[in-house]
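Below is one structure, written out as C-alpha cells; comments come after it.
Bear in mind these aren't lab numbers, they're just calculated from the coordinates by the rules spelled out. Model, not experiment: these values are computed from the prediction. A quick note on method: Cβ atoms are made from the backbone with ideal geometry, for glycine too, and the neighbour counts reach across all protein chains shown.
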Amino acid sequence: MQPEQAPDTRMDDLSRFCCQRPDCPLYGRRGQGNLTVCARYGTAQQHRLLYCRACKYRFSEHKSTPLFDSRLPPDKLIAVLAHLADGCGVRQTARLTGVGKNAVCRLAKAAGAHAQRLHDELVAFSPQHPQGAVG
Ligand SMILES: [Zn+2]
C-alpha cells in the first residue's frame, strides 16, 4: 500500500523469535526486546541474522539451526549460505568463500534438510493469526 522508500528504517518484527542459546537468561522467551537484526544474507538479503543483547549470541532467524552450530565465523557462514542460495555448487562455493569443501558440503546438506522444516515453521508462524501467539 505505502511506498517504501527507506527499507532499512522499517521495523523488523522479531516478536516471533527468541534466543536460541540454552544458557541465555532469555532462552526460548519471545518478545523480550533482547533481539536485534545484526546482518542480512541471501540473494535478496531475505534472511536475517539475529543478535541477542542478553548473551551476545548471534543466530539465524531460522532458529535452532544445525547450520549455526558450525565452527565457522558468522561472516564466513553467511558467505557460504549466500553462495549456496545463489545456486553455486559446493566446489564453487568453497573456492569463492575460502571455506573447506567438507564444511561447505555439510552446510549444504544441513541447509537442505533445514529448508523443509523452515518452510513448515514459516507457515505455522503466519503473523496473520495472532491468536496462536505464545507468551
Ligand atoms: Zn540470548
Here, Thr36 and Asn102, labelled 7 Å along Cα→Cβ, have an inter-label distance in nm of 3.7
Gain upon complete extension [Arg53, Asp86; 0.36 nm per residue less C-alpha separation] = 8.8 nm
